[in-house]
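Here's the structure we're looking at; comments come further down.
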Amino acid sequence: MGLQEKYSELINLAADLGVDNLQVREQNSVLYIDGNVKSAADKDKLWDTYNKIDPDYRAADVVMNIEVTQGVSREYTVENGDSLSKIAKAYGVSWQDIFEANKDIISNPDLIQPGWKLKIPTI
């Protein structure tokens, strides 16, 4: 079974999500998937599907270079007394959207730290 066949669900999802500049190539027994998604949630869907096919990424036969190109317009530095809800209200977005855009920083939405630089998604 070739890598493109093994990861066909992942490749099909990328196409279904409308990944811009989607490039899929196989080189030296590694499948490279490159492109741009519109949201962090779409990027997470791709990584979740990859993890489903290859739990804990043990095979190490895929390199995904997926960038989020839309949906992030501003950055906010967390201050004392801030909460995701308070920040979200000030920018007119939901706290869940801010949480999704910053999963690389925030593990618990109830515990944010002063000084963190958060991405604020656009509506």
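Taken as Cα centroids, region 93-123 and region 32-71 sit 20 Å apart, rounded to the nearest whole angstrom.
Give me the dipole magnitude in Debye, nearest 20, for the chain about the Cα centre, with unit charges on the beta carbon: positive for Lys and Arg, negative for Asp and Glu.
Numbers: 13 positive and 20 negative charges, 64 e Å.
The calculation lands at about 300 debye.
Springs between Cα atoms under 10 Å define the GNM used for the chain, and in it the highest mean-square fluctuation of N51, N65, N108 occurs at N108. With contacts taken as Cα pairs under 8 Å at a separation of at least 6 residues, the chain carries a relative contact order of 23 percent. Per q in 0.11, 0.19, 0.20 1/Å, what log10 I(q)/I(0) does a Debye calculation on the alpha-carbon atoms of the chain return? For the chain, the Cα-only Debye profile gives -0.46, -0.97, -1.03.
Taking only DSSP H segments of four or more residues, each worth -39500 (n - 2.57), what value at 222 nm results for the chain once the sum is divided by all its residues, to the nearest 500 deg cm²/dmol? Before the final figure, lay out the partial values.
Working: 5 runs with 42 residues, N = 123.
Result for the chain: -9500 deg cm²/dmol, rounded to the nearest 500.
Our coupling estimate for region 24-39, obtained by passing each phi through the Karplus curve with A = 6.51, B = -1.76, C = 1.60 and θ = phi - 60°, is 10, 9, 10, 8, 6, 6, 10, 9, 9, 10, 10, x, 10, 10, 8, 8 Hz, Gly and Pro reported as x.
Listed cross-link partners K52/K103; K52/K89; K45/K119; K6/K119 are compared with a 24 Å cut-off, the Cα-Cα value being larger for K52/K89; K6/K119.
Relative to the Cα centre, the charge distribution of region 3-68, modelled as +1 at Lys and Arg Cβ and -1 at Asp and Glu Cβ, gives a dipole magnitude of about 20 debye.
Which percentage, to the nearest 5, of the DSSP beta bridges contained in the chain is antiparallel?
If I count the DSSP bridges inside the chain, around 60 percent turn out antiparallel.
For the chain, which span is the longest to avoid every loop-located (per DSSP) member of trypsin sites (Lys or Arg not before Pro) having at most 16 other Cβ atoms inside 10 Å?
On the way: sites that count: K38, R58, K103.
Looking at the chain, 59-102 is the longest stretch - no exposed trypsin sites (Lys or Arg not before Pro) with at most 16 other Cβ atoms within 10 Å.
Read-outs throughout are calculated quantities, based only on the coordinates presented, and are distinct from any laboratory measurement. The shown structure was predicted, so the numbers you read here are calculated from the model rather than taken from an experiment. Positions of Cβ are generated from backbone atoms using ideal geometry, with glycine treated the same way; all protein chains shown enter the neighbour counts.
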